Amino acid sequence: MKFRVGHKSKQVEGEAEREVSCEIEASAIGALAHQINALPPGSLLRLEGFLASRSLKSKMPVLHVRTVELLEGTQNGFQTW
């Protein structure tokens with residue numbers, strides 16, 4: 001399954017704090033793809049995986065998701081799949 005994820009945070013660069021944001025293409029397979037697909041758009045997540053080129057012809061990065069933590073809407077504050 002292919003999808004897009006957005007990132008937004010505050011980071012320190014050269015002693016100055018700045019807000020950063022970006023979007024990146026992501027992919028997941030198997031049971032993890034089904035679990036992600038069941039989440040409502042806009043869910044707050046922590047994703048872990050690896051970056052790889054989209055294809056031999058396109059060097060655009062794709063995040064291949066290996067683990068997901070749901071950061072909202074759970075009793076303990078997160079849920080890991």
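The values are calculated or read from the model by the stated rules, or taken from the named source; none is laboratory data. All values reported here derive from a predicted model rather than from experimental measurement. For neighbour counting, all protein chains shown are included, and Cβ atoms are generated from backbone atoms with ideal geometry for every residue, glycine included.
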For segment 1-58: of the residues being acidic (Asp, Glu) and more than 16 Å from the chain's Cα centre (by Cα), which is surrounded by the fewest Cβ atoms within 10 Å (Cβ to Cβ)? Glu15
Considering segment 43-70 alone, what residues qualify as being of a type in the set (D, E, K, R) and touching a Phe, Trp or Tyr at 6+ places or on another chain (Cβ under 8 Å)? Arg46, Arg66, Glu69
Which pairs do you get when a residue that is under 15 Å from Gly30 (Cα atoms), found in segment 63-81, comes within reach of a residue that is polar (S, T, N, Q) and modelled with pLDDT under 90, reach meaning Cβ atoms under 7 angstrom, with the pair 6+ apart or on two chains? Thr67/Thr80
Test: residue in segment 61-74 that is surrounded by fewer than 10 Cβ atoms within 10 Å (Cβ to Cβ) and either at pLDDT below 95 or assigned to a loop (DSSP other than H, G, I, E, B) (or both): no
Anything in segment 45-59 that is hydroxyl-bearing (Ser, Thr, Tyr) and in a strand (DSSP E or B)? List them, or say none. Ser53
Filter result (within 13 Å of Arg4 (Cβ to Cβ) and without any contact (Cβ under 8 Å) to a residue 40 or more places away in the chain) within segment 44-61: Arg54, Met60, Pro61
